[in-house]
Amino acid sequence: MTASATANTAATNAIAAIDSNTTSAAALASANTAKTAATTATAAVAAYVAAAAATADADDDTAAATLSGTAAGQATAADGNVSTATTEAAVYRVTLTVSSPSVTEGDATTKTMTYTLTLGESHTDAVTINYATNDTGTAAGNDDFNVAAGIVTFVAGQTVATVSVTVNSDTAFETDETVGITFSGVGLASSVAATGTITNDDVDPETVATAFTLLATADTGSAFARSEEHTSELQSP
């Protein structure tokens, strides 16, 4: 739930409690005061969230603040319950670029394909990014490569991190294959899709040269000479 939605809900609950518990003139006066405070808080929080978002857009970083007190939406209902619209908002605009790695498939064991993640700038707070391989590539998950998903964390000030995907080697000839992966997170300005390539290193059997061996099983040269000699004798007068 967003900060503004939380504030609005708190204020609405306070107003409902006030209306349903007003049973006397004194309670009505107190309720109206609290009701006004709750309504004012809703508008104050909405304005705050808009200002925080505008600030984040301006500096491409984090805007955060806390509203408290009556102006933030503390309203005491007639039944004594307190509905609080106090909120803290943090709006991130993290930009991320991801490399397009490639790795030679190999014939045995496994290989590692490494994606390099780079933030647009360093941040004073840690930034967490979710990642997951997907089926947008031509390589088959858990066959050509091991399906992977997880979280990579950039500590404060860090701008570069890596994510690795295990590639399974084989000896079958095939075209180069691709592995799709998606990066997402609440703080990202937008999700990022990247593609890695598994380069085939196996030989196409249709292009393998066939070797032929000629075996001499007869003296064809001398046989031909004897044949020529015999023909010459038949033609003599």
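Restricting the search to the stretch 162-183, which residues are within 15 Å of the chain's Cα centre (by Cα), surrounded by 15 or more Cβ atoms within 10 Å (Cβ to Cβ) and hydroxyl-bearing (Ser, Thr, Tyr)? Outline the logic, then answer.
Within the stretch 162-183, the first condition is being within 15 Å of the chain's Cα centre (by Cα), and the residues that meet it are 162-165, 179-183.
In the following step, the residues that additionally are surrounded by 15 or more Cβ atoms within 10 Å (Cβ to Cβ) were identified as 163, 165, 179-183.
Passing the criteria: only Thr182.
Out of all the residues in the stretch 139-156, which are part of a strand (DSSP E or B) and surrounded by 18 or more Cβ atoms within 10 Å (Cβ to Cβ)?
Within the stretch 139-156, the subset part of a strand (DSSP E or B) is 141, 145, 149-154.
Result: Phe145, Phe154.
Just name the residue that is farthest from Val186 (Cα to Cα) out of those in the stretch 98-128 that are part of a strand (DSSP E or B) and of a type in the set (A, V, I, L, M). Step through it out loud before you land on a result.
At the first step, the residues of the stretch 98-128 found to be part of a strand (DSSP E or B) are 98, 102-104, 110-119, 127-128.
Now narrow it down to the ones that are of a type in the set (A, V, I, L, M): 98, 103, 113, 117, 119, 127.
Values: Val98: 17, Val103: 31, Met113: 26, Leu117: 16, Leu119: 15, Val127: 10 Å.
Going through the qualifying residues, I end up with Val103.
Please go through the stretch 113-129 and give me each residue that is out of contact with any Leu (no Cβ under 9 Å at 6 or more places or on another chain), closer than 30 Å to Asn168 by Cα and not aliphatic (A, V, I, L, M), ordered by number. It would help to see each step written out before you state the result.
The initial filter retains those residues of the stretch 113-129 that are out of contact with any Leu (no Cβ under 9 Å at 6 or more places or on another chain), namely 113-116, 121-126, 128.
Retained after the next criterion (residues that are closer than 30 Å to Asn168 by Cα): 113-116, 128.
Thr114, Tyr115, Thr116, Thr128, listed by residue number.
If you check Thr159, Thr136, which single one turns out to be surrounded by fewer than 13 Cβ atoms within 10 Å (Cβ to Cβ), under 19 Å from Ser99 (Cβ atoms) and among the polar types (S, T, N, Q)?
Values: Thr159 fails: surrounded by fewer than 13 Cβ atoms within 10 Å (Cβ to Cβ).
Only one candidate qualifies: Thr136.
Which one of Ala139, Ala189, Ala156 is without any contact (Cβ under 8 Å) to a residue 60 or more places away in the chain, small (Gly, Ala, Ser) and farther than 30 Å from Glu206 by Cβ? First the steps, then the outcome.
Working: Ala139 fails: farther than 30 Å from Glu206 by Cβ; Ala189 fails: without any contact (Cβ under 8 Å) to a residue 60 or more places away in the chain.
Step by step, each of Ala139, Ala189, Ala156 is checked, and only Ala156 is without any contact (Cβ under 8 Å) to a residue 60 or more places away in the chain, small (Gly, Ala, Ser) and farther than 30 Å from Glu206 by Cβ.
Criterion first (surrounded by 13 or more Cβ atoms within 10 Å (Cβ to Cβ), within 26 Å of Thr207 (Cα to Cα) and among the hydrophobic types (A, V, I, L, M, F, W, C)) does Val103 satisfy it?
Values: surrounded by 13 or more Cβ atoms within 10 Å (Cβ to Cβ): yes; within 26 Å of Thr207 (Cα to Cα): yes; among the hydrophobic types (A, V, I, L, M, F, W, C): yes.
Answer is yes for this residue.
Among the listed residues Asp125, Asp144, which satisfies the condition of being of a type in the set (D, E, K, R), assigned by TED's automatic domain parsing to the domain that holds Asp201 and at pLDDT below 95? Can you show your working first?
On the way: Asp144 fails: at pLDDT below 95.
On inspection, the qualifying residue turns out to be Asp125.
The values are calculated or read from the model by the stated rules, or taken from the named source; none is laboratory data. Computed from a predicted structure; not experimentally measured. Glycine gets a Cβ as well: all are built from the backbone with ideal geometry, and neighbour counts include every protein chain shown.
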